[in-house]
Amino acid sequence: MDLMSNPLRAAGDGGLGFCYGSDPDLFRGCGALEDGPLLIALDSNIIFDLEDHGAAILDGEEIIGVDAKLQAQLGALGQILELWLLRDIRFIVVPRTRLDYRKEPSVERVASRERTFRRIEAAVTFQADDWGDEHRRFLGERPATAAVEEAIARVSILDGLMLRSAWDAGVDVFLTRDDTVLAAVADSPPSFPLVLDPAGLMGHLSSMGSNAFDLGTVEHAGCRWAVGVPFGDSGKWVPLFEALSV
Ligand SMILES: [Zn+2]
């Protein structure tokens, strides 16, 4: 098995992808690949934001009953979803996020939580069934470096398991609103995933270019996108809207 091959089949199916050389500080999980999707792991708090406020976010409505800080984060999450509609961004729920409990929940809560995860995961990951083992960008072994171990040691054991899961999956970004995790590992160097909240990620993406149709692409030999890919993938919108509107 070629460990450096890209198990995310059909790169570009989700819209125009990215040139990883455009921003080495962002595409931290790309390994030796030059082009492909932006891969973002979602912490459980982001999934619950989508569950609680997803319909309002997609409708562009003001979200009432939350403080200004959360309002800003939810607005940024909406902007990320807008970019996702145009560009090949893949969200994944790393396995450990499913077990992110502070205390053992009831059987009913586990079941309803799993339904929520599956519903949102199926909508935002987009064509998950088509890319094979999408939560394993490196198809298995990805030895942790000393810097990775050092970063993981800065958070709680539970959060550490989740970050290790994100590392194993070869994601570029771990998206969370957990201020403790953000403060502990936000400055960790590549190739540890960039740990950001939605506003932080949107700020980073905005700094890469103002045109949503080409930010994160650069001219380079053998660019996968040089010949162009189809735009306007309407296959994304309907499942997302349905998943977040129930
Ligand atoms: Zn390229």
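Residue pairs whose Cβ atoms lie under 6 Å apart, separated by 6 or more positions or on different chains, with the first residue in region 205-229 and within 14 Å of G17 (Cβ to Cβ) and polar (S, T, N, Q) and the second within 12 Å of the ligand (Cβ to nearest atom) and assigned to a loop (DSSP other than H, G, I, E, B), are T217/W225. Among the residues of region 17-63, the ones that are among the acidic types (D, E) and within 16 Å of the ligand (Cβ to nearest atom) come to 3 in all.
Name the one entry in D159, D168 that is more than 23 Å from E34 (Cα to Cα) and at pLDDT below 95.
Working: D168 fails: more than 23 Å from E34 (Cα to Cα).
Just one listed residue meets the conditions, D159.
Considering L81, L70, which residue is crowded, with 18+ Cβ neighbours inside 10 Å, assigned to a helix (DSSP H, G or I) and at pLDDT 85 or above?
Numbers: L70 fails: crowded, with 18+ Cβ neighbours inside 10 Å.
Step by step, each of L81, L70 is checked, and only L81 is crowded, with 18+ Cβ neighbours inside 10 Å, assigned to a helix (DSSP H, G or I) and at pLDDT 85 or above.
Looking at the structure I just gave you, is L70 more than 16 Å from the ligand (Cβ to nearest atom) and either without any contact (Cβ under 8 Å) to a residue 24 or more places away in the chain or of a type outside the set (S, T, Y) (or both)?
Values: more than 16 Å from the ligand (Cβ to nearest atom): yes; either without any contact (Cβ under 8 Å) to a residue 24 or more places away in the chain or of a type outside the set (S, T, Y) (or both): yes.
Yes: the conditions hold for L70.
Restricting to region 191-229, give me the number of residues that are within 16 Å of the ligand (Cβ to nearest atom) and polar (S, T, N, Q). If you could, list the steps in order and put the result at the bottom.
Let us first name the residues in region 191-229 that are within 16 Å of the ligand (Cβ to nearest atom), namely 208-209, 211, 213-229.
Of the ones still in play, those that are also polar (S, T, N, Q) are 211, 217.
Count: 2.
So, D168, is that one surrounded by fewer than 19 Cβ atoms within 10 Å (Cβ to Cβ) and of a type in the set (D, E, K, R) or not? Spelling it out, it is not the case that D168 is surrounded by fewer than 19 Cβ atoms within 10 Å (Cβ to Cβ) and of a type in the set (D, E, K, R). Could you say whether any residue in region 40-49 is part of a strand (DSSP E or B) and farther than 15 Å from A199 by Cα? Looking for residues that are part of a strand (DSSP E or B) and farther than 15 Å from A199 by Cα, one finds at least one in region 40-49, hence yes. Of L39, L3, L33, all but one fail to be among the hydrophobic types (A, V, I, L, M, F, W, C) and at pLDDT below 80; the exception is L3.
The values are calculated or read from the model by the stated rules, or taken from the named source; none is laboratory data. All values derive from a computational prediction rather than experimental measurement. When we count neighbours, we look across all protein chains shown, and the Cβ atoms used for this are built from the backbone with ideal geometry, even at glycine.
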